[in-house]
Each structure stands twice: as structure tokens, then as C-alpha cells.
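Heads up, the thing below is written out as C-alpha cells.
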Amino acid sequence: MSKKVLIIAGDAVEALEIYYPYFRCLEEGYDVKIAAPSKKKLQTVVHDFIGWDTYTESKGYLIDSQLAFEEVNPEEYDGLIIPGGRAPEYIRLNENVPRIVAHFFEANKPVGAICHASLVLTTVRQYLEGRELTAYIACKPDVEACGATYIENTLHVEGNLVSGHAWPDLPGFMKEFINQLNK
């Protein structure tokens, strides 16, 4: 039977951080579903690094979500991917997100969190205490506020958690996530 992967996102999700994992998982033959606050076309954004003190943002492609968060039964999935962008700062406020994310930590299933995805992980801080992870550098205070250790490396794996800094790290990030899923 094919592995099932859940991606949780919302409008302003970083384009590469949703499209690359989505297509990479499809390429592996996994059944992949994107869940969002509501079932709809999501507007992605493109973040780039052009010498500013922070990243720039442009409008990206549209991508369909197949499920609303309230419809998600996380027990049906073998792994979870949380892309970054600005979506994590508001999807974490959805009452269903902690329930979804907590299941993957409780069941020790692979969790892939890249860039600003660590903002979503703050909703399940009890599973981060004492752990190590990486994220976009601006998220370092949030990671540390959860009792986790921020790792400077652009890619880090600890137990079931695969974390990455940003979209340039997607090849290694997805390689590690797929390794976790195929164990």
C-alpha cells in the first residue's frame, strides 16, 4: 500500500516549499493531500534573498488544497510536512492544527518542518521541549521559547523531526524526510 503524506498550509505558503515536497512525494508514489483552513485554491508566495537584511516576497502560483483542517484525520497519514512562508503565522491559530500536528509526534511519525514552519510547532511545544531543530533564523526566538535548542545548520534531523532553514535546503530536507518515511 502507498504511503500517505499530509501537507498543511494556507495562503502565503512559500511556493517552492509546498510545490517541491508535493511533487517529490508524488514522484515517490505517495498519496499526498494538502490541507488548509478551507478547501480552496491557495495563493503561494515566492521568497528570495537579494541582499536585503531580510527576504523579499512576490506573488506565486496557485495550488489546490484538497481538505479543510477540520476534515483531517491524522491517523490516516504516515507523515506530515509543514512548509514555510507566511502561512504558518496564521494557520497555527486554527483550532484543528495542534490536534493534527500532535498526532504525528505522539505516534512518532515523520514530521518535516521547513523555514517558518517552526511557528506551527509552537502549538505543540510539549513535544519540542529538550529537542533540537533548525528553522529560518528569524524563528530562533520561537524555537527557544518552546524549550528547544536552535541548531545553526541548514538541515537537522532528530528522531522523527526533519527540519530545514529555507527553500535552498529542500533537496536534503526531502531526502531525509523520505528516508524517515520509508523506514
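The values are calculated or read from the model by the stated rules, or taken from the named source; none is laboratory data. The structure displayed is predicted, hence computed values, not measured ones. No Cβ is skipped: glycine too gets one built from the backbone with ideal geometry, and neighbour counts run over all protein chains shown. Ligands, DNA and RNA are stripped out before the accessible areas are found, and what is left, the full protein with its side chains, is counted by its heavy atoms. Shrake-Rupley method; radii C 1.70, N 1.55, O 1.52, S 1.80 Å.
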Checklist line | Filter result for G172 (open to solvent by less than 10 Å² (accessible area, probe 1.4 Å) and either small (G, A, S) or out of contact with any strand residue (DSSP E or B) (no Cβ under 6 Å at 6 or more places or on another chain) (or both)) | finding: no
Next item on the list: Can you give me the number of residues within the stretch 122-156 that are under 17 Å from E106 (Cα atoms) and among the β-branched types (V, I, T)?
Entry: 3
Next item on the list: Consider only pairs whose beta carbons are under 8 Å apart and that are at least six residues apart or on different chains; among these, list those whose first residue lies in the stretch 120-145 and is under 20 Å from D53 (Cα atoms) and whose second residue is surrounded by fewer than 13 Cβ atoms within 10 Å (Cβ to Cβ) and at pLDDT below 95.
Entry: A138/T54
Notebook entry, point to check: Residue check: is L170 closer than 18 Å to L119 by Cα, modelled with pLDDT of 95 or more and not polar (S, T, N, Q)?
Noted result: no
Next item on the list: Only residues that are in a helix (DSSP H, G or I) and open to solvent by 50 Å² or more (accessible area, probe 1.4 Å): list them for the stretch 20-33, please.
Entry: Y20, F23, R24, L26, E27
Check: Which fully enclosed strands (runs of 3 or more DSSP E) of the stretch 34-133 have 3 or more residues being open to solvent by less than 50 Å² (accessible area, probe 1.4 Å) and at pLDDT 95 or above?
Finding: 41-48, 79-82, 111-114
Margin query: Please go through the stretch 6-19 and give me each residue that is over 19 Å from D78 (Cβ atoms) and either modelled with pLDDT under 95 or assigned to a loop (DSSP other than H, G, I, E, B) (or both), ordered by number.
Written below: G10, D11, A12
Note to self: I'd like the residue in the stretch 135-176 that is in a helix (DSSP H, G or I) and among the small types (G, A, S) and, out of all such residues, is nearest to E27 (Cα to Cα).
What the structure shows: G172
Next item on the list: Tell me which residues, restricted to the stretch 5-18, are open to solvent by less than 50 Å² (accessible area, probe 1.4 Å), out of contact with any Gly (no Cβ under 6 Å at 6 or more places or on another chain) and closer than 15 Å to G112 by Cα.
Entry: L6, I7, I8, A9, I18
Checklist line | Selected residue (criterion: farthest from the chain's Cα centre (by Cα)) from residues of the stretch 80-100 that are farther than 19 Å from D11 by Cβ and not charged (D, E, K, R) | finding: P98
